[in-house]
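Student: Take this structure, written in structure tokens, and hold onto it; I'll ask about it next.
Every number here is computed from the coordinates shown, using simple stated rules; none is lab data. All values derive from a computational prediction rather than experimental measurement. Cβ coordinates were reconstructed from backbone atoms using ideal geometry, including for glycine residues, and neighbour counts include every protein chain displayed.
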Amino acid sequence: MRNLKKIKGDASFRKFYRKKKGDFSSIIVFAKREKYKNLIVYDAINRILNQNKILAPCLFKENYKKNYIEIQDFGNRTIFKIFEENDKNKLNYYKKIIKLLNQIQSIKDKSVKNFQNKKYLIPNYTKKILTDESNLFCDWYVKNNLNKNQLPKFNKRFKKIILKLSLSLKLKNNVFVHRDFHVSNLMIINNQIGVIDSQDALIGNRAYDLASLIDDVRIQTSIKLKKKIYDYYIKEQKKLSKHKFKNDFEILSILRNLKIIGIFTRLALRDGKKGYLKLIPKAWKLINLRINQNNLFKDLKDLLSENFRKELYEN
């Protein structure tokens, strides 16, 4: 069709097209693989967000049989792009993002009717999901960067450590977690912040999305700015154990970045998306930043230092 223009995709199996008809513009999301998650779940989560007065793309039309949905076009102005253009007002933007995150974490709805008129219930972010994600580091990165003879011993130690870390989390799994809450998925629409890429949302730990925002591999922020964003979030919370939250923030930041290293390796090797490889050193740098902040990470630090010293310390 002449009025469809392919636009840049992301790390998923989806394809995106901008549809123009006069002054009206919409986005076609096409997905053959992981179709249920990328079409039905994506719209269901957007419905929950919109019900709670959070901007997320509305559904205009669905054709599930033909593998696509048509949704609202939020344009191209991600906060990431704004930061690339102007580096000066970052903290002000982050304060607005924290207010949005507080709003998201106040969501009580866990279920919604999807466009097939069936109930969708947001799953819980279980310890199994969390550890399975971190183990992608072994399945993809370690497998392709460590001597075969060392793999069984490394994997056994790593999985034992990751399980211990997941069991050391102190906060309840009781808030809406976007899971990819960072400036590339936040867009400015009429001076408001809109949220995209929400199909992986779960009910989980309130520290996760803040770790995703602050320790984001896609954008470089100073330690000073990271602390200011963190402190602003804490200041906005009325009832929060600072000690428990800090513990969980550090654990989840490290587990998330181990997962990211695994996923980005998989994207390069399995899907031919080699552009993600350049972000892996940034994930190592963020792991290094957090791994010295808590004695709980001693075993992980020792294991990574023995096998990936250069990656951990020289990025």
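Student: What order do you get for 131, 221 when you list them from fewest to most C-beta neighbours inside 10 Å?
Tutor: By the 10 Å Cβ count, ascending, the order reads 131, 221.
Student: Over 24 Å between Cα atoms: which of 228/274; 228/273; 170/226; 90/282; 8/61 fall into that group? Could the numbers behind the result be given before it?
Tutor: Details: 228/274 33 Å; 228/273 34 Å; 170/226 22 Å; 90/282 19 Å; 8/61 21 Å.
Flagged as over cut-off: 228/274; 228/273.
Student: Also: So how strong a dipole does the chain carry about its Cα centre when Lys and Arg Cβ are +1 and Asp and Glu Cβ are -1, to the nearest 20 debye? It would help to have the intermediate numbers written out before the result.
Tutor: Details: 70 positive and 30 negative charges, 77 e Å.
Here the chain has a charge dipole of around 360 debye.
Student: Here's another thing I want to ask about it. Between residue 143 and residue 172, what length in nm is gained on full extension when 0.36 nm per residue of separation is reduced by their alpha carbon distance?
Tutor: Fully extending the segment from residue 143 to residue 172 adds 7.1 nm.
Student: Moving on to the next point. Let me spell out the model: positive unit charges on the Cβ of Lys and Arg, negative unit charges on the Cβ of Asp and Glu, origin at the Cα centre of region 87-241. What dipole size does that give, in debye rounded to 20? Spell out each step's value before the answer.
Tutor: Details: 32 positive and 13 negative charges, 134 e Å.
Taking the Cα centre of region 87-241 as origin, the dipole is about 640 debye.
Student: Here's something else I'd like to know. What does the helix-only formula give at 222 nm for the chain: each DSSP H stretch with n ≥ 4 adding -39500 (n - 2.57), the total divided by the residues, and the result rounded to the nearest 500 deg cm²/dmol?
Tutor: -14000 deg cm²/dmol
Student: Would you work out the charge dipole size for region 1-119 about its Cα centre, treating the Cβ of every Lys and Arg as +1 and the Cβ of every Asp and Glu as -1, and quote it to the nearest 20 debye? Before the final figure, lay out the partial values.
Tutor: Numbers: 31 positive and 11 negative charges, 75 e Å.
Using only the charged Cβ atoms, the result is roughly 360 debye.
Student: Residue 234 to residue 277: FRET efficiency via 1/(1 + (r/R0)^6), r the Cβ-Cβ distance, R0 30 Å, to the nearest 0.05?
Tutor: 0.30
Student: Positive end of the charge dipole of the chain (Lys, Arg +1 and Asp, Glu -1 on Cβ, about the Cα centre): tell me which of 117, 234, 30 has its Cα farthest that way.
Tutor: 117
Student: Kindly put 132, 216 in sequence by how many other C-beta atoms sit within 10 Å of each C-beta, fewest to most.
Tutor: 132, 216
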